Amino acid sequence: MNTDYLDPINSLNMPEMADMTFAMDFLIRAKEGVRNLSIALTETASPDVRTLLRNHLMQGIALHQEITELMIRKKWFHPYELNEQYQLDQLSAKNTVMIGQMNLFPGDTSRKGMFDRTPDEHIGGHYA
């Protein structure tokens, strides 16, 4: 398990995992929006508001479809291949547990030697 989260070697593949996580969150939020707009549409009586909500609903459905297609194309989401999606979900759960077990506030965070000077040393002082 990763014991030093400050070591740059431990950030390999992190941008891709972050992108996949953000995309999944965006997909879930788009789905929530469609659901909430559908409920609001059935609860309103005003024709103008119904038209507005219907237009927003169509945009939300289109957004959900775009996100889904992007995630399928990037192989971040496998809605038709449950075995592959299960493996992806297992990897995500494993990574979540690993992050949860990390010591995010270690006693020694000294990284002396990584930088040869303080950020403001070139201007002749310590004004930071």
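The length gained by stretching the chain between residue 62 and residue 22 to full extension, at 0.36 nm per residue less their Cα-Cα distance, is 12.6 nm. Where in segment 55-73 does the label zone of residue 44 land, with the point 7 angstrom along Cα→C-beta and an amide N cut-off under 12 Å? So the set is 55-58. Every Cα-Cα pair of segment 14-86 was included, and the share exceeding 18 Å stands at 50 percent.
Net length available on complete extension from residue 14 to residue 94 is 27.4 nm, with 0.36 nm assigned per residue and the Cα-Cα distance removed.
Only the coordinates and a few stated rules stand behind these numbers; no lab work does. Just so we're clear, the structure is a prediction, and the values are computed from it rather than from any experiment. Positions of Cβ are backbone-derived with ideal geometry, glycine not excepted, and every protein chain shown enters the neighbour counts.
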